[in-house]
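Engineer: Before anything else, here's the structure in question.
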Amino acid sequence: MVVPNFLVSTIIVWFLSFPVATLCDISSSSRVPDECQLVYARVPDTDDQWATYTMIPRKTGTNVRKHGDIVIQWTDPEFPNYMDDESYNYDRLTWNGQETGGQYEGKFVVESIVTGIGMVAQSTTNNGGHNVLPLVPRVDEGSLTRFDSPGAGATTSYHNLTWWFSKDLEAGDELLYSHEGKKTTIPQSGNGNVRKRPSLEYLKENAYCMDNLFPRKSRVKEAGRGAYATRDLLKDSIVGPVPVALVHRDELRSKTNHNDQLLLNYCLGHNSSNWLLFPYSPIINLINHYNVPNVELQWSAPPSSNINQNDNKKIQPMMLLELVATRPIQKGEEIYLNYGKEWEDAWWKHDRDIWKPSNTHYTPSYVMDDAIRMMRTEQEQKEHPYPDNLFTSCFYRYSDRSEDERATGQNSKKKDSITSFRWHLTKGLYDLKNFRPCQVLKRMEDNSGRSAYAARILNRPGLDITEIIPKDELHVVTHIPRAAIQFSDKAYTTDQHLKYAFRHEIGLPEDLIPSSWKIKDQPAIDA
Ligand SMILES: *[C@@H]1O[C@H](CO)[C@@H](O)[C@H](O)[C@H]1NC(C)=O
Ligand SMILES: *[C@@H]1O[C@H](CO)[C@@H](O)[C@H](O)[C@H]1NC(C)=O
């Protein structure tokens with residue numbers, strides 16, 4: 001067997017830096033700081049299953065972390081043909097876009113990448129077996145507007161998706177969420193069987209701390225949000241685990257938008273390979289570029305080199321990098337990684353030659369929601385239209401109607417005869433999957449004198465089958481409160497779809513790429 005160069009060199013470096021370590025068990029005793037509350041560790045007695053554990057007892061209703069995670073919307077993904085092959089063992093770990101409010105970012109399918117807890121915790125198929133639940137992300141462009149910022153559209157506007165405990169947990173318990181929202185149906189956690197709780201000693205010795213970082217506005221101009229140190233970190237200590245998922249460059253080309261998918265900006269890569277690595281642990285994706293960095297990446301254990309350009313089938317499930325402090329870092333300092341010269345050159349070219357301030361009328365939906373108290377009816381909009389990029393949506397669940405009610409609606413197809421239903425608040429109604437287009441027809445006052453609305457409810461792509469209103473039914477709902485109506489951005493109008501939004505992968509040093517992943521004799525991308 002030929003051992004690729006990569007493997008050899010990494011193993012050597014490896015043993016130099018951790019003399020007592022073996023390849024599978026990478027214990028380094030002072031890895032988890034005493035105050036660390038959330039860790040990532042290999043599940044004892046498994047080869048490659050990793051899980052997220054709490055180091056302290058938790059109470060139902062409290063937050064998993066004070067700060068939430070970013071969500072990246074992957075819009076109308078197109079798969080290269082070779083990925084249809086069933087033996088292509090490649091779990092994309094994405095969520096259905098309607099779970100995070102991303103349903104309108106594309107015209108056909110939207111997949112959400114819920115970074116952080118949504119990817120490092122295990123999901124369970126066991127109904128009710130979960131112990132954490134997500135809230136919805138906040139949406140805003142992080143002060144990078146298309147009118148004045150070359151960074152507009154280069155970062156995601158979906159952020160601060162927080163999680164809370166739906167059960168009391170003991171120290172050492174594993175975090176589990178329901179797999180329901182996920183796109184893939186691959187159960188990750190042994191069909192929902194609860195696993196034995198590892199000892200705190202095992203976690204102290206083997207885990208990686210996952211709360212060394214927190215998000216805040218970056219000090220780097222045009223960068224949006226950034227990552228900061230939660231506590232003092234020693235030189236050479238591990239700032240965080242960086243599990244990575246494989247993404248192929250071909251998956252990130254977007255035919256509809258003439259620009260690569262936003263996800264590219266969050267991937268690590270090098271021009272010598274078509275494979276990219278997407279890091280997904282909490283807050284890692286917010287670390288910005290600076291050419292005087294305070295962290296660098298290294299492999300935790302070298303990835304097996306069995307992936308190459310011609311044989312895409314043997315994908316290894318778990319790959320882990322580590323983020324290491326290259327100097328002492330103080331609590332509250334921003335974390336910087338060097339993205340490399342190519343990235344930097346590409347950015348300055350974008351800043352200088354490509355980016356132009358937008359001169360069209362555009363108001364993001366979240367700004368309109370803050371500004372507009374009283375919704376206009378369709379009639380009023382003829383005189384006073386909303387900005388072009390907007391339409392209105394309502395929280396409404398068609399499946400809440402009884403069989404009888406649905407039949408009434410479908411039988412009243414006579415012209416001008418409208419059956420209307422009264423809006424009711426039911427459990428879970430404000431889940432984002434119940435958010436769908438609606439046209440405001442009438443404004444009225446409810447009993448307490450507040451405005452309420454009558455609206456026609458419409459369908460959209462991606463709705464669950466039970467939510468689709470039959471084609472020729474004019475489904476009108478009355479007494480809708482303002483809170484249940486919101487503005488939405490039309491597909492492809494938000495910043496991430498800007499034609500000239502910056503796109504470039506983060507530079508991964510060439511020596512971190514297994515040689516078998518490289519393309520021989522030619523660069524993977526055009527310079
Ligand atoms: C994030 O969400 C939490 C609630 O889940 C909130 O307390 C916090 O202020 C939010 N942070 C930001 C930056 O919006
Ligand atoms: C690829 O990256 C290397 C540096 O890692 C650089 O020297 C080379 O010019 C790049 N090639 C292309 C085609 O961009």
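The values are calculated or read from the model by the stated rules, or taken from the named source; none is laboratory data. All values reported here derive from a predicted model rather than from experimental measurement. Because the Cβ atoms are built from the backbone with ideal geometry, glycine has one as well, and the counts that use them run over all protein chains shown. For accessibility, only protein heavy atoms count, side chains too; no ligands or nucleic acids. Shrake-Rupley method; radii C 1.70, N 1.55, O 1.52, S 1.80 Å.
Engineer: How many residues are part of a loop (DSSP other than H, G, I, E, B), of a type outside the set (A, V, I, L, M) and in contact with a strand residue (DSSP E or B) (Cβ under 9 Å, 6 or more places away or on another chain) if we restrict to segment 45-78?
Structural biologist: First, the residues of segment 45-78 that are part of a loop (DSSP other than H, G, I, E, B): 45-49, 55-57, 59-62, 64-68, 76-78.
Then keep just the ones that are of a type outside the set (A, V, I, L, M); that gives 45-49, 57, 59-62, 65-68, 76-78.
When the remaining residues are screened for being in contact with a strand residue (DSSP E or B) (Cβ under 9 Å, 6 or more places away or on another chain), the result is 48-49, 57, 59-62, 65-68, 76-78.
Number of matching residues: 14.
Engineer: Could you list, ordered by first residue, the pairs with Cβ atoms under 7 Å in which the first is in segment 330-347 and closer than 13 Å to I287 by Cβ and part of a loop (DSSP other than H, G, I, E, B) and the second is within 16 Å of ligand 2 (Cβ to nearest atom) and modelled with pLDDT under 95, at least 6 apart or interchain?
Structural biologist: What qualifies is N338/N291.
Engineer: Quick check on segment 219-277: of everything there that is part of a loop (DSSP other than H, G, I, E, B), under 21 Å from the mean Cα position of the chain (by Cα) and of a type in the set (A, V, I, L, M, F, W, C), which residue is farthest from M318 (Cα to Cα)?
Structural biologist: Of everything passing the filter in segment 219-277, A223 is farthest from M318 (Cα to Cα).
Engineer: Restricting to segment 139-154, name every residue that is open to solvent by 30 Å² or more (accessible area, probe 1.4 Å) and either within 12 Å of ligand 1 (Cβ to nearest atom) or closer than 21 Å to E99 by Cβ (or both).
Structural biologist: The answer is V139, and nothing else.
Engineer: Sticking with this structure for a sec: I'm trying to understand the selection: among the residues of segment 154-191, which are at positive phi and modelled with pLDDT under 95?
Structural biologist: G190, N191 - these are the residues of segment 154-191 that are at positive phi and modelled with pLDDT under 95.
Engineer: Still on this structure, please answer the following. Take segment 337-351 and flag every residue that is open to solvent by less than 60 Å² (accessible area, probe 1.4 Å), charged (D, E, K, R) and out of contact with any Pro (no Cβ under 7 Å at 6 or more places or on another chain).
Structural biologist: E344 - this is the single residue of segment 337-351 that is open to solvent by less than 60 Å² (accessible area, probe 1.4 Å), charged (D, E, K, R) and out of contact with any Pro (no Cβ under 7 Å at 6 or more places or on another chain).
Engineer: Which condition does G61 not pass, out of (1) surrounded by 13 or more Cβ atoms within 10 Å (Cβ to Cβ); (2) within 16 Å of ligand 1 (Cβ to nearest atom), if it passes all the others?
Structural biologist: Among (1) surrounded by 13 or more Cβ atoms within 10 Å (Cβ to Cβ); (2) within 16 Å of ligand 1 (Cβ to nearest atom), G61 violates only (1).
Engineer: Taking A455 as meeting all but one of (1) modelled with pLDDT of 95 or more; (2) of a type in the set (G, A, S); (3) within 29 Å of N271 (Cβ to Cβ); (4) away from ligand 2 (no atom under 16 Å from the Cβ), write down the number of the exception.
Structural biologist: Of (1) modelled with pLDDT of 95 or more; (2) of a type in the set (G, A, S); (3) within 29 Å of N271 (Cβ to Cβ); (4) away from ligand 2 (no atom under 16 Å from the Cβ), only one is false for A455: (3).
Engineer: Assess whether G116 counts as being under 18 Å from Y266 (Cα atoms), touching a strand residue (DSSP E or B) at 6+ places or on another chain (Cβ under 7 Å), touching a residue at least 40 places away in the same chain (Cβ under 8 Å) and open to solvent by less than 10 Å² (accessible area, probe 1.4 Å). Write out each step before concluding.
Structural biologist: Working: under 18 Å from Y266 (Cα atoms): yes; touching a strand residue (DSSP E or B) at 6+ places or on another chain (Cβ under 7 Å): yes; touching a residue at least 40 places away in the same chain (Cβ under 8 Å): yes; open to solvent by less than 10 Å² (accessible area, probe 1.4 Å): yes.
When the stated conditions are applied, G116 passes them.
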